[in-house]
Amino acid sequence: MIEIKNITKTYNSGDISVSFQALKGVSFTIKDGEFVAIMGPSGSGKSTLMHILGALDSPTSGTYFLDGKDVSTLSDDELADIRKDKIGFVFQSFNLLPRTTVLRNVMLPLVYDGIEVNEREKRAKEALIAAGLDEAHFTHLSNQLSGGQIQRVAIARALVNNPSLILADEPTGNLDSRTGEVVLGTFQKLNKEFGRTIVLITHEPEIAEHADRILFIKDGLLIEDKTTHQKRIIKNI
């Protein structure tokens, strides 16, 4: 699904002679249906890599293939289409509308696609069920839910367009450890039972160990690529 070849990213300051190379030639592949964590300390380059994987930024050099398409050569409008059609984002900050129901929050991406209202509702309910949220919560406002439930709504919103890739950026960062484990169990279930490809960005080793594979980034370089013996933590709220 993903093929990264010799990706570099250089940022220039106002003085063109002063630059910072955030990525220094990173290469890896991720197969369809894998659950991969990208781990590294602050300043390692993992956030830059996340922005490139999410089609939020373009590399300075190198190539990025997603589902066989070279994303690294696309225009801003084409990158926007990739984000809309191919990638589901889950962020640390949830980014839900607080005075809007759970169901409407999940339906929102489909509004921009011009999907008919009954189909929007059907697909939103299916995504919420896949994300493990009880149907009793569908009509609640998002600010009436617990942190773990809110993050499950955010996961459902990422699923509703049926993307090829779920990109989760520090998704447990605002959660306590127990709730974080529940959310990680949701990702494992989506991966194992529904075959979703998931890339999880984290700086925490205990979070990364829940993936099948960990890519370690340091100083803009991929320094290790290892398979894990992940814990089975699939739980119900």
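Bear in mind these aren't lab numbers, they're just calculated from the coordinates by the rules spelled out. All of these numbers come straight from a predicted model, not from anything done at the bench. Because the Cβ atoms are built from the backbone with ideal geometry, glycine has one as well, and the counts that use them run over all protein chains shown.
Each principal axis of the Cα cloud of segment 1-156 was taken in turn, and the coordinate range along them, longest first, works out to 56, 32, 31 Å. Between the amide H of K218 and those of I223, distances stay under 5 Å, these residues lying 5 or more places away or on another chain, with hydrogens modeled in the peptide plane. In terms of its C-alpha gyration tensor, segment 81-181 has an oblate overall shape, because the principal axis ratio a/c (a ≥ b ≥ c, square roots of the eigenvalues) is not below 1.5 and a/b does not outweigh b/c. Going from the fewest other Cβ atoms within 10 Å to the most, the residues M107, M1 appear in the order M1, M107. Across the alpha-carbon atoms of segment 108-237, the computed radius of gyration and Dmax are 15.7, 49 angstrom.
Near D76, once Lys and Arg are set to +1 and Asp and Glu to -1 for all other residues with Cβ below 14 Å from its Cβ, the sum equals -2.
Taking every pair of distinct Cα atoms and averaging 1/r, then inverting, what Kirkwood hydrodynamic radius in Å comes out for segment 14-64? Result for segment 14-64 stands at 12.8 Å.
Taking every DSSP helix (H) stretch of at least 4 residues in the chain, weighting each as -39,500 (n - 2.57) and dividing the sum by the residue count yields a mean residue ellipticity at 222 nm of -10000 deg cm²/dmol. Ordering 3-13, 192-202, 67-77 by mean Cβ neighbour count within 10 Å, with the highest value first, yields 192-202, 3-13, 67-77. Placing +1 on each Lys and Arg Cβ and -1 on each Asp and Glu Cβ, with no other charges, gives the chain a dipole about its Cα centre of roughly 500 debye. Using Cα pairs closer than 8 Å and at least 6 residues apart in sequence, work out the relative contact order for the chain, in percent. In percent, rounded to a whole number, it is 28. Ranked for footprinting exposure by Cβ neighbours inside 10 Å, fewest first, R123, R83 give R83, R123.
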